[in-house]
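**Student:** Before I ask anything, let me first share the structure, which is written out below as structure tokens.
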Protein chains: 4
Amino acid sequence: MFTTSTKVRFAHVDPAGIVFYPRYFEMLNGAVEDWFEDAVGQSFASLHLGRKVGTPTVHLEVDFQAPSRLGDVLEIAIVPLTLGESSCRLAVTFSCAGAARLRVELVLVCMDLASHRAMPWPEDLRAAIAPQVVAA
Amino acid sequence: MFTTSTKVRFAHVDPAGIVFYPRYFEMLNGAVEDWFEDAVGQSFASLHLGRKVGTPTVHLEVDFQAPSRLGDVLEIAIVPLTLGESSCRLAVTFSCAGAARLRVELVLVCMDLASHRAMPWPEDLRAAIAPQVVAA
Amino acid sequence: MFTTSTKVRFAHVDPAGIVFYPRYFEMLNGAVEDWFEDAVGQSFASLHLGRKVGTPTVHLEVDFQAPSRLGDVLEIAIVPLTLGESSCRLAVTFSCAGAARLRVELVLVCMDLASHRAMPWPEDLRAAIAPQVVAA
Amino acid sequence: MFTTSTKVRFAHVDPAGIVFYPRYFEMLNGAVEDWFEDAVGQSFASLHLGRKVGTPTVHLEVDFQAPSRLGDVLEIAIVPLTLGESSCRLAVTFSCAGAARLRVELVLVCMDLASHRAMPWPEDLRAAIAPQVVAA
């Protein structure tokens, strides 16, 4: 299972002293970038800028389970649940020292950035993602 | 039905020329602020800082239907779907010139910022929200 | 003198209850967008995407004079101080109900987005900016 | 000399493919957090939340020397230039593989978060910062 981590920064925290939830999606996008680079073998720079392939998020479901505070180190785990012709459903969990913070399911679509249309996953990406898929 | 609008700024747009989705949640939070101030009768400043009542988002479901581009003016409509003892489910739609962009359902919880625990909606807020509820 | 306004949102405010300063630069960039669209006659969408002309900021000086709080309505005034062959120095002030909040001087450069090199201001932009210049 | 590093993320990059400058200030604030924690010996969490001491930025000067792109790893170096009764001037440079990207001078003020007034640096912070000061 792929994991990465990030620290709750002053920039993430609201007047109530907890993470302002839109900041979780910046962390989430960063974790998906790390997953692509480290577990799929393709950085966002080479994917988007070199190959002109994007992976926009088309669906999100999120349960915010407990608040996070300044200085918390969040562990983010990513597991692909399904891999379609041109989509991929990911389960992502954020936790801190083993305690759950949020749980996300998101659907990415593989997109041709020239036409802005969905395209089948390139074979190298499919071959890298498929073995990671874990039934929900 | 409550509506507000916002413009897609340079700050919102990614290298593919479309809104980077975490920015939609900043717009969403701003629209919920407008709804509280204009349709519920309580600004976030007086609610959070004066009354020490917060309204964190505990659940989100989002369908991204079509991309938005720099300069688009987005109309954001908010309808409460259910009003519980201490929660409220909202449906929020973003559109541009009548074309759908995203659809969100979110659940807010009324929280005592001193104890960081859920609390029943204060009567004035309940009285303002209840007449707006539209069955899903 | 060109002015625009923006409201301090929950998204802008830090755990100390005041605007987190990087958020001022998002507001500043939005105000410069408004100035281009309303006072120079060219939206960022048409300038960047249509004409492939960018206006990156190459220098900034900022004095933070007093903190801003959730709900404050900030008036932002923009005055060009000098207009060079391919640069423009702007003075920008943020105030709330007449009280100063920050003062910025920034230098923009007109850039050809194809070559990523400075270019002379197009004549229509120069003609629109020149009459607004006020000696510092 | 204190250094930390950060990677240019999709979240940082604008439609022209380069870092949107307000994002540099989020990186800058994160680097100053790292400096406080690692080189001054006090995390922002313990400083702000525990001791109720803030360090707002009151002045900034920035030269943007060259653009940064998606995937660049930026090295950020921080050197204190002067240490006053309740202020500190820092020089911060961002570079990528040795090439300069931006140069910042900023002035922090030590602030009592209860009164929102400047206060003398606590002795432990002064003792940790003073030996790092390098005349400009």
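The values are calculated or read from the model by the stated rules, or taken from the named source; none is laboratory data. Keep in mind the model is a prediction, meaning the values are calculated, not measured. Methodologically, a virtual Cβ is constructed for each residue, glycine included, from the backbone with ideal geometry; neighbour enumeration extends over all protein chains shown. Areas reflect the complete protein model, heavy atoms only, side chains present, ligands, DNA and RNA absent. Shrake-Rupley method; radii C 1.70, N 1.55, O 1.52, S 1.80 Å.
**Student:** Which of (1) at pLDDT below 95; (2) within 14 Å of C:Val58 (Cα to Cα) does C:Leu113 not meet, given it meets every other one?
**Tutor:** Of (1) at pLDDT below 95; (2) within 14 Å of C:Val58 (Cα to Cα), only one is false for C:Leu113: (2).
**Student:** Report whether or not D:Gln65 is farther than 22 Å from C:Asp14 by Cα and surrounded by fewer than 21 Cβ atoms within 10 Å (Cβ to Cβ).
**Tutor:** yes
**Student:** Right, here's the next one. Can you list residue pairs whose Cβ atoms sit under 7 Å apart, with the first residue in region D:15-34 being within 19 Å of D:Leu47 (Cα to Cα) and the second being assigned to a helix (DSSP H, G or I) and among the β-branched types (Val, Ile, Thr)? Count only pairs 6 or more apart in sequence or on different chains.
**Tutor:** Listed by first residue and then by second, the contacts come to nothing, as the list is empty.
**Student:** Please go through region B:37-87 and pick out each residue that is in a loop (DSSP other than H, G, I, E, B), within 14 Å of chain C (Cβ to nearest Cβ) and more than 17 Å from the chain's Cα centre (by Cα).
**Tutor:** Residues satisfying the conditions are B:Arg51, B:Lys52, B:Pro67, B:Ser68, B:Leu70, B:Gly71, B:Asp72.
**Student:** Every residue in region B:108-118 that is out of contact with any Leu (no Cβ under 8 Å at 6 or more places or on another chain) and within 20 Å of B:Glu33 (Cβ to Cβ), please.
**Tutor:** B:Val109, B:Met111, B:Asp112, B:Leu113
**Student:** Against the definition (more than 30 Å from C:Ala31 (Cβ to Cβ), of a type in the set (Ser, Thr, Tyr) and open to solvent by 30 Å² or more (accessible area, probe 1.4 Å)), how does B:Ser87 come out, yes or no?
**Tutor:** For B:Ser87, the condition - more than 30 Å from C:Ala31 (Cβ to Cβ), of a type in the set (Ser, Thr, Tyr) and open to solvent by 30 Å² or more (accessible area, probe 1.4 Å) - is met.
**Student:** Another question, then. Does any residue in region C:51-75 that is hydroxyl-bearing (Ser, Thr, Tyr) come within less than 7 Å, Cβ to Cβ, of a residue that is assigned to a loop (DSSP other than H, G, I, E, B) six or more places away or on a different chain, and which pairs are these?
**Tutor:** Within 7 Å, the pairs are C:Thr55/C:Cys110; C:Ser68/C:Val8.
**Student:** Okay, next question. Would region C:112-130 turn up any residue that is aromatic (Phe, Trp, Tyr) and within 25 Å of D:Val107 (Cβ to Cβ)?
**Tutor:** Checking region C:112-130: not a single residue is aromatic (Phe, Trp, Tyr) and within 25 Å of D:Val107 (Cβ to Cβ).
**Student:** So, one more: I need the full set of residues from region A:40-57 which are out of contact with any helix residue (DSSP H, G or I) (no Cβ under 7 Å at 6 or more places or on another chain) and of a type outside the set (Lys, Arg), in order please.
**Tutor:** The answer is A:Ala45, A:Ser46, A:His48, A:Leu49, A:Gly50, A:Thr55, A:Pro56.
**Student:** Mind checking which residues of region A:1-36 are away from chain B (no Cβ under 14 Å) and open to solvent by less than 20 Å² (accessible area, probe 1.4 Å)?
**Tutor:** Listed by number, the residues that qualify are A:Val8, A:Phe10, A:Trp35, A:Phe36.
**Student:** Could you identify the single residue in A:Leu83, A:Leu60, A:Leu90 that is touching a Pro at 6+ places or on another chain (Cβ under 7 Å) and farther than 30 Å from D:Gln42 by Cβ?
**Tutor:** Answer to the selection: A:Leu90.
**Student:** Could you check region B:44-58 and list, in sequence order, the residues that are open to solvent by 30 Å² or more (accessible area, probe 1.4 Å) and not aliphatic (A, V, I, L, M)?
**Tutor:** Listed by number, the residues that qualify are B:Ser46, B:Gly50, B:Arg51, B:Lys52, B:Pro56.
**Student:** Among the residues of region D:12-33, is any part of a helix (DSSP H, G or I), over 18 Å from D:Pro131 (Cβ atoms) and in contact with a Gly (Cβ under 8 Å, 6 or more places away or on another chain)?
**Tutor:** no
**Student:** Right, B:Gln132: open to solvent by 70 Å² or more (accessible area, probe 1.4 Å) and touching a residue at least 24 places away in the same chain (Cβ under 8 Å) or not?
**Tutor:** Taking the combined requirement at face value, the residue does not satisfy it.
**Student:** In region D:105-134, which residues are closer than 18 Å to D:Thr3 by Cα and away from every other protein chain (no Cβ under 14 Å)?
**Tutor:** D:Ala128, D:Ile129, D:Ala130, D:Pro131, D:Gln132, D:Val133, D:Val134
**Student:** Now, a different point. Give the number of residues within region D:122-136 that are in a loop (DSSP other than H, G, I, E, B) and within 13 Å of D:Thr82 (Cα to Cα).
**Tutor:** 4
**Student:** Condition first: under 12 Å from the mean Cα position of the chain (by Cα) and of a type in the set (Lys, Arg). Now tell me which residues in region A:88-119 satisfy that.
**Tutor:** A:Arg89, A:Arg103, listed by residue number.
**Student:** Here's a follow-up. Provide a single number: the residues in region B:88-121 that are assigned to a loop (DSSP other than H, G, I, E, B) and of a type in the set (Ser, Thr, Tyr).
**Tutor:** Going through region B:88-121 one residue at a time, the tally reaches 1.
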